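*Asks:* Take a look at the following structure, please.
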Amino acid sequence: MLRRTVLSALIAALALAPAPAMAADTPGVTATEIKIGHTNPYSGPASAYGTIGKVITAYFKKINDEGGINGRKINFVSYDDSYSPPKTVEMVRKLVEQDQVAFVFNTLGTPTNSAIHKYMNQQKTPQLFVATGATKWGDPQNFPWTMGWQPTYQAEGHIFAQHVLKTVPNAKVGILYQNDDYGKDYVKGLKDALGDAAKKIIVIEQTYEVTDPTVDSQIVNLKNSGANVFYNVTIPKFAVQAIKKTHDIGWKPVHLLNSVSSSVGVVLKPAGLEASKDIVTARYLKDVTDPQWKNDPGYKEWLAFMQKYYPDGSTVDDFNVYGYTAAQGLVQVLKQAGSDLSRANVMKQAASLKDLGLPMLLPGIKVNTGPTDFYPIEQEQLAKFDGERWVNFGEIYDASKK
Amino acid sequence: MTPRARAVGVAAALAVALALPLFVSNFRLFQFTQVAVYAIALLGLNVLTGYNGQISLGHGAFYALGAYTTAIMIDKWDVPYPLTIVTAGVLCLVVGFLFGIPALRLEGLYLALATFALALAIPQILKYFEHWTGGSQGIVLSKPNAPWGLKLSPDQWLYFFTLAVLVALFALARNLLMGRTGRAIVAIRDNAIAAQAMGVNTALYKSLTFGVSAAYTGVAGGLSAIVIAFVAPDAFNVFLSITFLTGIVIGGLASISGAIFGALFIQFVPNWAQDISKAAPWAIYGIFLIGFMYVMPFGIAGAVRLALARLGRRGTAARA
């Protein structure tokens with residue numbers, strides 16, 4: 001008897017399983033609202049990024065207070081994924097299938113975005129302006145619903161390579177990098193742009209793990225190799241150590257510091273301003289800890305925004321500039337889309353940004369996209385630290401032009 | 001509880017599980033598939049910790065091993081996915097057994113620390129063998145479609161598939177634990193010396209228990225790779241192992257049904273916590289955890305057993 005009940009339940013379940021329904025209108029869009037999804041690590045090992053989600057939420061609050069975009073308010077739904085890919089899949093499926101968002105925006109992390117890459121494209125739901133520096137997000141041919149945002153790590157590697165080839169005769173490059181994708185991408189960018197000369201120019205490569213206590217011994221090895229260029233691919237904690245140690249042991253190479261750690265307040269000051277002198281970096285955002293922007297209208301506007309809408313947020317944290325700028329990029333896309341907020345049109349407008357300048361981008365750096373160009377920000381400029389602030393020099397480098 | 005009542009309970013739970021796809025969306029079904037996957041992993045850990053008394057803080061490593069076995073076999077060699085699950089289980093059985101041999105010398109907290117090292121090491125090991133594992137980029141898989149022309153969405157198919165594996169493994173575990181072997185396993189937990197005196201080969205049983213436990217967790221890992229359709233080292237951090245341990249304690253130590261209750265808890269409670277407070281979800285989670293432990297010291301399964309026993313007593317009293 002029981003067996004038969006169970007069996008009939010099974011058959012009924014198999015027979016009646018509903019076919020996936022087709023939606024007529026764009027989910028998440030009403031006459032007065034557009035619903036946008038987001039995931040971010042608010043907890044867990046990568047929770048330092050959590051502030052990006054908070055600053056974006058705050059910025060959309062400001063937009064809504066000012067009347068929204070084309071009469072629609074932004075309903076921004078942000079979930080914690082703890083930087084765990086399975087959780088990202090679950091949360092993004094919740095956003096798309098249950099919360100019915102129009103699209104997801106600035107989801108953070110390389111492995112986390114990889115986990116939803118295929119899904120978003122199967123769902124034909126935009127995965128817009130993802131917060132990662134990996135190169136794979138600008139592939140409109142195979143993934144027409146996914147678009148990157150910031151300059152890729154590899155592109156930055158190209159810039160440094162150009163600089164070395166142009167300005168350092170008899171260059172002998174020593175590299176210190178974090179042993180993961182981020183570090184390897186930077187190294188690959190440098191090697192690609194050095195071309196055949198790479199084998200001869202790069203004399204030593206040292207790595208560290210995020211869990212290592214210090215990088216002191218690596219710096220000593222780099223010095224002993226006789227390198228005269230130091231390609232420093234480290235996150236802030238290790239950048240501080242590397243700069244200090246380089247100075248302490250009296251090594252004076254051409255010091256190329258990746259933009260990840262170029263904050264004056266977070267890295268250079270703790271490392272010592274004297275020790276940081278003459279370091280070269282590449283940037284695309286204004287450094288809020290750099291005194292030269294004190295009277296800049298873009299900076300003042302950002303500061304006023306932070307004080308009013310996100311008073312808990314740190315005003316020396318680059319991430320709060322990052323999220324602010326990305327949110328402004330999205331607002332431009334939505335403005336351009338006008339009354340047609342279909343997913344296809346959102347994607348089309350995201351791919352039609354022309355020379356868009358944003359207040360916290362360095363002067364001269366523009367956002368540009370096209371049907372085959374899914375890399376919005378591709379420009380960076382080199383800057384040298386003069387002991388107090390970054391001094392931009394040279395042309396604005398554009399990774400899209402080889 | 002009488003055997004008859006237990007059978008009715010199991011049948012009812014199974015009927016609910018089978019009918020679930022009729023009532024819930026694909027997304028919810030995906031969540032319940034994850035519950036089933038967790039339940040298998042928790043049962044594996046419960047066999048080791050609950051029944052045999054060996055504490056493992058490193059079962060996330062076996063989960064990862066299973067997940068990567070499945071992912072690599074599908075990605076590199078196009079092996080049919082059911083076969084990869086079996087392989088994941090067998091591989092973890094062997095590795096777990098081998099790990100169990102040196103672990104024999106370690107008791108209680110010392111074993112917990114040794115396994116904890118395993119959990120700490122696994123993400124870095126996975127990144128090291130980049131050629132196979134795809135490094136921190138991970139491996140992207142495709143969700144399988146329903147076979148034999150069944151009119152099921154991939155989510156529905158995977159749900160039934162996982163459920164079938166779960167039922168088979170639970171039945172197996174029940175047979176194992178209720179018999180001679182099970183008594184030996186429990187006897188070792190309660191008093192190893194006495195067990196040995198009665199002729200139980202404690203060394204062999206402990207290693208075997210470790211192997212079986214790892215195999216269950218490996219199968220769960222393999223299933224998770226297919227359900228999520230992606231594996232990456234960041235998914236298998238230390239926190240996962242601790243989550244498993246939380247799951248079996250909340251669900252009920254040394255209880256088969258406890259694995260399911262525990263799985264429901266670790267799947268849904270963090271989400272509820274986030275719904276309640278975005279600012280401090282883990283504080284809310286902590287409150288839930290303390291609350292559960294305070295109200296149900298023997299886990300959810302223990303509380304259910306107690307409630308049923310009380311009801312049963314009242315029933316007999318009324319009849320008398």
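The values are calculated or read from the model by the stated rules, or taken from the named source; none is laboratory data. Please read all numbers here as calculations on a predicted model, not as lab measurements. So basically every Cβ, Gly included, is an ideal-geometry build from the backbone, and we count neighbours across all protein chains shown.
*Asks:* Read through the list (1) touching a strand residue (DSSP E or B) at 6+ places or on another chain (Cβ under 6 Å); (2) part of a helix (DSSP H, G or I), then give the number of the only condition that A:Lys61 fails.
*Replies:* Exception for A:Lys61: condition (1).
*Asks:* Output the residue which, of all residues in segment B:251-289 that are assigned to a loop (DSSP other than H, G, I, E, B) and closer than 25 Å to B:Tyr216 by Cβ, is nearest to the other protein chains (Cβ to nearest Cβ).
*Replies:* Filtering first and then ranking leaves B:Ser255.
*Asks:* Condition (residue is at pLDDT 90 or above and assigned to a strand (DSSP E or B)) applied to segment A:321-332: is it met by at least one residue?
*Replies:* no
*Asks:* With (1) surrounded by 15 or more Cβ atoms within 10 Å (Cβ to Cβ); (2) within 14 Å of chain A (Cβ to nearest Cβ) as the list, and B:Phe129 as the residue in question, which single condition is left unmet?
*Replies:* Single failed check for B:Phe129: (1).
*Asks:* Further, regarding this structure: So, in segment B:142-162, exactly how many residues are touching a helix residue (DSSP H, G or I) at 6+ places or on another chain (Cβ under 6 Å), touching a residue at least 12 places away in the same chain (Cβ under 8 Å) and of a type in the set (A, V, I, L, M, F, W, C)?
*Replies:* Number satisfying all stated conditions: 1.
*Asks:* For segment A:10-33, check the following and say yes or no: at least one residue is assigned to a helix (DSSP H, G or I), at pLDDT below 95 and more than 13 Å from every other protein chain (Cβ to nearest Cβ).
*Replies:* no
*Asks:* On to the next question. Being over 14 Å from A:Ala326 (Cβ atoms) and either assigned to a helix (DSSP H, G or I) or not assigned by TED's automatic domain parsing to the domain that holds A:Gln328 (or both) is the filter here, so list the residues in segment A:34-58 that pass it.
*Replies:* Residues satisfying the conditions are A:Ser47, A:Ala48, A:Gly50.
*Asks:* Follow-up. Could you tell me whether A:Val321 is touching a residue at least 60 places away in the same chain (Cβ under 8 Å) and within 30 Å of A:Val164 (Cβ to Cβ)?
*Replies:* Judged against the criteria, A:Val321 is not a match.
*Asks:* Hey, another quick one. From the list A:Thr88, A:Thr125, exactly one residue is more than 8 Å from chain B (Cβ to nearest Cβ), touching a Pro at 6+ places or on another chain (Cβ under 9 Å) and closer than 14 Å to A:Met347 by Cβ. Which is it?
*Replies:* On inspection, the qualifying residue turns out to be A:Thr125.
*Asks:* What is the number of the single condition among (1) over 24 Å from A:Pro86 (Cβ atoms); (2) outside any helix (DSSP H, G or I) that A:Glu156 does not meet?
*Replies:* Single failed check for A:Glu156: (2).
*Asks:* Taking the stated definitions as given, is A:Phe76 within 14 Å of another protein chain (Cβ to nearest Cβ), over 30 Å from A:Ile396 (Cα atoms) and not in a helix (DSSP H, G or I)?
*Replies:* yes
*Asks:* Could I ask something else about it? Quick one: which of A:Ser78, A:Ser43 is closer than 20 Å to B:Trp272 by Cα, within 27 Å of the chain's Cα centre (by Cα) and at pLDDT below 90?
*Replies:* A:Ser43
*Asks:* Exactly one condition in (1) among the hydroxyl-bearing types (Ser, Thr, Tyr); (2) surrounded by fewer than 14 Cβ atoms within 10 Å (Cβ to Cβ); (3) not in a loop (DSSP other than H, G, I, E, B) is not met by A:Tyr397; state its number.
*Replies:* (2)
*Asks:* Do the conditions hold for B:Gly100, that is, is it crowded, with 23+ Cβ neighbours inside 10 Å and in contact with a Lys or Arg (Cβ under 7 Å, 6 or more places away or on another chain)?
*Replies:* Spelling it out, B:Gly100 is indeed crowded, with 23+ Cβ neighbours inside 10 Å and in contact with a Lys or Arg (Cβ under 7 Å, 6 or more places away or on another chain).
*Asks:* Okay, next question. If B:Ala88 passes every condition in (1) small (Gly, Ala, Ser); (2) at pLDDT 90 or above; (3) more than 23 Å from the chain's Cα centre (by Cα) but one, which one does it miss?
*Replies:* The number of the failed condition is (3).
*Asks:* Looking at segment A:79-94 only, could you name the residues that are in a loop (DSSP other than H, G, I, E, B), of a type in the set (Ser, Thr, Tyr) and in contact with a helix residue (DSSP H, G or I) (Cβ under 7 Å, 6 or more places away or on another chain)?
*Replies:* A:Tyr83, A:Ser84
*Asks:* So in segment A:172-182, with the set limited to residues that are crowded, with 20+ Cβ neighbours inside 10 Å and modelled with pLDDT of 90 or more, which one is nearest to A:Ile201 (Cα to Cα)?
*Replies:* My answer is A:Val173.
*Asks:* Being more than 25 Å from B:Phe244 (Cα to Cα) and either of a type in the set (Val, Ile, Thr) or more than 10 Å from chain A (Cβ to nearest Cβ) (or both) is the filter here; which residues of segment B:24-56 pass it?
*Replies:* Within segment B:24-56, just B:Val24 meets the criteria.
*Asks:* Scan B:Leu245, B:Leu240, B:Leu311 and give me the residue that is more than 20 Å from the chain's Cα centre (by Cα) and either more than 14 Å from chain A (Cβ to nearest Cβ) or outside any loop (DSSP other than H, G, I, E, B) (or both).
*Replies:* The unique qualifying residue is B:Leu311.
*Asks:* Okay, moving on. Hey, can you tell me all the residues within segment B:187-237 that are in contact (Cβ under 8 Å) with a residue 24 or more places away in the chain, outside any helix (DSSP H, G or I) and either of a type in the set (A, V, I, L, M, F, W, C) or buried (at least 24 other Cβ atoms within 10 Å of the Cβ) (or both)?
*Replies:* B:Ala229, B:Phe230, B:Val231, B:Ala232, listed by residue number.
*Asks:* Got a sec? Which of B:Gly179, B:Gly222, B:Gly149 is under 29 Å from B:Ala17 (Cα atoms) and touching a Ser or Thr at 6+ places or on another chain (Cβ under 6 Å)?
*Replies:* Checking each option against the conditions leaves just B:Gly222.
*Asks:* So which residues in segment A:227-254 are under 18 Å from A:Ile159 (Cα atoms) and within 23 Å of the chain's Cα centre (by Cα)?
*Replies:* A:Tyr231, A:Asn232, A:Val233, A:Thr234
*Asks:* Please go through (1) modelled with pLDDT of 85 or more; (2) within 14 Å of chain A (Cβ to nearest Cβ) for B:Thr217 and return the number of the only condition it doesn't satisfy.
*Replies:* Just one mismatch for B:Thr217, condition (2).
Per-residue answers, yes or no, for (1) touching a Ser or Thr at 6+ places or on another chain (Cβ under 7 Å); (2) in the same structural domain as A:Asp212 (by TED's automatic domain parsing); (3) more than 30 Å from A:Asn368 (Cα to Cα):
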position	(1), (2), (3)
A:Ala242	yes, yes, yes
A:Leu256	no, yes, no
A:Val260	no, yes, no
A:Lys269	no, yes, yes
A:Asp278	no, yes, yes
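*Asks:* Could you grab me the full set of residues in segment A:137-181 that are among the aromatic types (Phe, Trp, Tyr), within 14 Å of chain B (Cβ to nearest Cβ) and more than 23 Å from A:Ala197 (Cα to Cα)?
*Replies:* Within segment A:137-181, A:Trp137, A:Phe143 qualify.
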